[in-house]
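In what follows, a structure is listed as structure tokens, so that the remarks can point back to it.
The values are calculated or read from the model by the stated rules, or taken from the named source; none is laboratory data. Worth saying up front: this structure is predicted, and the values here are computed from it rather than measured. Cβ coordinates were reconstructed from backbone atoms using ideal geometry, including for glycine residues, and neighbour counts include every protein chain displayed. We work out accessible area using only protein heavy atoms, side chains counted, and drop any ligands, DNA or RNA first. Shrake-Rupley method; radii C 1.70, N 1.55, O 1.52, S 1.80 Å.
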Amino acid sequence: MMNIEAQRKSIIHRILDVKNEELLSKIDELLNADGYIYSVQGDLLTQAEFKNQVLDILQVSEDGEVYTTEELRNKILKK
């Protein structure tokens with residue numbers, strides 16, 4: 001059985017050889033249906049993962065666990 005990295009590379013190489021525009025459109029639709037989004041760090045997230053991150057951030061904000069720019073600057077400079 002192929003590991004995920006090998007499978008990903010295999011698929012990429014096969015897609016690069018595809019000349020059928022309809023097939024490419026179907027692949028594009030499949031990828032868009034999963035709703036992948038890139039995080040600020042460059043990680044690929046599903047829509048569900050992204051939504052969970054946003055909800056976590058909102059919860060932290062509602063709990064008052066937020067810092068001003070000055071507070072963050074002080075925390076960073078102290079380390």
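Keeping all protein chains in position, work out how much accessible area Glu70 exposes to a 1.4 Å probe, and write it in Å² to the nearest 10.
For Glu70, solvent-accessible area is about 100 Å².
Between the helical axis of 21-34 and the dominant principal axis of the chain, each derived from Cα atoms, what acute angle in degrees is found, rounded to the nearest 10?
Tilt relative to the chain: about 30 degrees.
Less than 30 Å apart at the alpha-carbon level, and either on another chain or at least 8 residues along: which lysines does that give for Lys9?
Partners found: Lys19, Lys26, Lys51.
Have a look at Ile57, Ile37, Ile12 and tell me which one the Gaussian network model of the chain (Cα, springs below 10 Å) gives the largest fluctuation.
Ranking Ile57, Ile37, Ile12 by mean-square fluctuation puts Ile12 first.
Where is the GNM fluctuation largest for the chain (alpha-carbon springs, 10 angstrom cutoff): Leu31, Leu16, Leu45?
Leu16
So, for the chain, what is the accessible surface per residue at a probe of 1.4 Å, expressed in square angstrom?
With the other protein chains kept in place, the chain gives 95 Å² per residue.
Above 14 Å lies some portion of the pair distances; for the chain, what is it as a whole percent of all C-alpha pairs? If you can, show how the numbers build up before the last one.
Details: 2411 of 3081 pairs.
Looking at the chain, the distances longer than 14 Å represent 78 percent of pairs.
With +1 assigned to the C-beta of every Lys and Arg and -1 to the C-beta of every Asp and Glu, and no other charges, what is the dipole magnitude of the chain about the Cα centre in debye, to the nearest 20? Could you put the intermediate results ahead of the total?
On the way: 10 positive and 15 negative charges, 90 e Å.
Here the chain has a charge dipole of around 440 debye.
For Ile11, put the label point 7 Å out on the Cα→Cβ axis and report which residues of segment 25-61 keep their amide N under 15 Å from it.
Counting only backbone N, you get 25-37, 44-47.
Give me the distance in nm between label points sitting 7 Å out from Cα along the Cα-to-Cβ direction at Glu22 and Asp43, one decimal.
4.0
With a 1.4 Å probe and all protein chains left in place, how much of the accessible area of segment 1-62 comes from carbon and sulfur atoms, in whole percent?
56
With an 8 Å Cα cut-off and a minimum separation of 6 or more residues, compute the relative contact order for the chain in percent.
12
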